Amino acid sequence: MNKELHHIETMLQSVTNSNIKHISLYHGIDLYFYTVSIDTFSVHHQKISHIMEINYCRTGRLGWDMENGNKIYLGSGDFALHTLDACCDSTLYFPTGNYEGLTLYIDFNELATNPLELLEETGICHELFSNKFWNKVSFASFSGNTQTDAIFSAFYDLPEHLQLAYYKIKSIELLLYLSTMQTNNDCYLTEYRSEQIEIIRKVHDYLTDNIGKHITIEALSRQYLINPTTLKAVFKSVYGNSLASHIKEHRMELASKLLRETDLNIAQISEQVGYESQSKFTAAFKAYYQILPKEYRKKLIKAK
């Protein structure tokens, strides 16, 4: 394993609530599986242009600061490619507080020294990917599709005795797919300016701090001086779902906690989590958890 990859792995291993699994597939191809429960993480390593990093988000959200000051986020099924000179001094963001995914590191210098028989005469090299993906951007990031979903999903839920074989086959399949992948400006994920992201984080914090209030998109737009359409689009890019759906999740999580940990009645809880009537709260809770609030509390009491 390249010493810089070892350095990155050591930094990530130091993060609490993280689980990292490393598998060396070939000379020049390393695979990492990540399960992380943090908000942000700073990365510092040497600039290395000959090592390509391929990231795939299985669940949660993952974002980066980019060289141009913009930020981009991956959601479930999305993937991104960049070289280690593009992220040598960057911050990783996990807006939902958790992330599960994988990373493949491709060392083109090592592959040139120890070529893989399966890749002979394919033309796969650093120059091919550089010309294809990084002529205009330092990070190339894409939404998943049927083909990439099939490739990346095959890295998971495998019998232990078949894992290494599948990892090796799928890593080669992924490189072959990327080498023939058609790209245009419309297929890249949208980048957002840092100041837009900062506004959205403030909006998110304001909403979660005032979970019991009914706050409209229009009111947020006026308060934070951001176009309503832009607000909704950037919020969904960062947090993975619409503003209304995201806040509903927070309300339901808080309601569940209050039912578990307090003696507040259903009417009091519905008010605390921002519902104007007990009946609307009860219907929303039932739709979210598939159980009525009173039944949820009774079930917890019986379990004690």
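The values are calculated or read from the model by the stated rules, or taken from the named source; none is laboratory data. In this text, all values refer to a predicted model and were calculated from it rather than measured experimentally. Here the Cβ is made from the backbone with ideal geometry for all residues, glycine too, and neighbour counts use every protein chain on show.
The figures follow:
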item	result
Tally of residues being of a type in the set (A, V, I, L, M, F, W, C) and more than 25 Å from L128 (Cα to Cα) across the range 49-73	1
Check on Y156, in a loop (DSSP other than H, G, I, E, B), closer than 25 Å to F33 by Cβ and either of a type in the set (F, W, Y) or outside the structural domain of L74 (by TED's automatic domain parsing) (or both)	yes
Contacts under 9 angstrom Cβ, first residue in the range 236-247 being over 12 Å from D205 (Cβ atoms), partner among the acidic types (D, E) and assigned to a helix (DSSP H, G or I), 6 or more apart	N241/E249
Filter pass, G240 being under 32 Å from the mean Cα position of the chain (by Cα) and under 30 Å from D78 (Cα atoms)	yes
Residues of the range 132-156 classified as touching a residue at least 40 places away in the same chain (Cβ under 8 Å) and among the small types (G, A, S), total	5
Residue check, T180 among the hydroxyl-bearing types (S, T, Y), at pLDDT below 95 and touching a helix residue (DSSP H, G or I) at 6+ places or on another chain (Cβ under 8 Å)	no
Filter result for the condition that a residue is in contact (Cβ under 8 Å) with a residue 24 or more places away in the chain and surrounded by 18 or more Cβ atoms within 10 Å (Cβ to Cβ), over I197, I211	I197
Elements of type strands (runs of 3 or more DSSP E) in the range 59-121, at least 2 residues being hydroxyl-bearing (S, T, Y), crowded, with 18+ Cβ neighbours inside 10 Å and touching a Leu at 6+ places or on another chain (Cβ under 6 Å)	99-107
Residue match in the range 190-208 (condition: within 24 Å of G123 (Cα to Cα) and part of a helix (DSSP H, G or I))	no
Among (1) loosely packed, with under 14 Cβ neighbours inside 10 Å; (2) touching a Lys or Arg at 6+ places or on another chain (Cβ under 9 Å) - the single one L243 does not satisfy	(1)
Index of the failed condition, Q147 passing every other in (1) in a helix (DSSP H, G or I); (2) over 21 Å from the mean Cα position of the chain (by Cα); (3) surrounded by fewer than 18 Cβ atoms within 10 Å (Cβ to Cβ)	(2)
Considering residues of the range 259-273 that are in a loop (DSSP other than H, G, I, E, B) and over 32 Å from the mean Cα position of the chain (by Cα) only, the residue surrounded by the fewest Cβ atoms within 10 Å (Cβ to Cβ)	D263
Residue match in the range 132-141 (condition: surrounded by fewer than 18 Cβ atoms within 10 Å (Cβ to Cβ) and either assigned to a strand (DSSP E or B) or outside the structural domain of S24 (by TED's automatic domain parsing) (or both))	no
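Condition check ((1) without any contact (Cβ under 8 Å) to a residue 60 or more places away in the chain; (2) among the β-branched types (V, I, T); (3) assigned by TED's automatic domain parsing to the domain that holds I48) across all residues:
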site	(1), (2), (3)
W64	no, no, yes
G69	no, no, yes
I72	no, yes, yes
F79	no, no, yes
S90	yes, no, yes
L104	no, no, yes
L111	no, no, yes
L116	no, no, yes
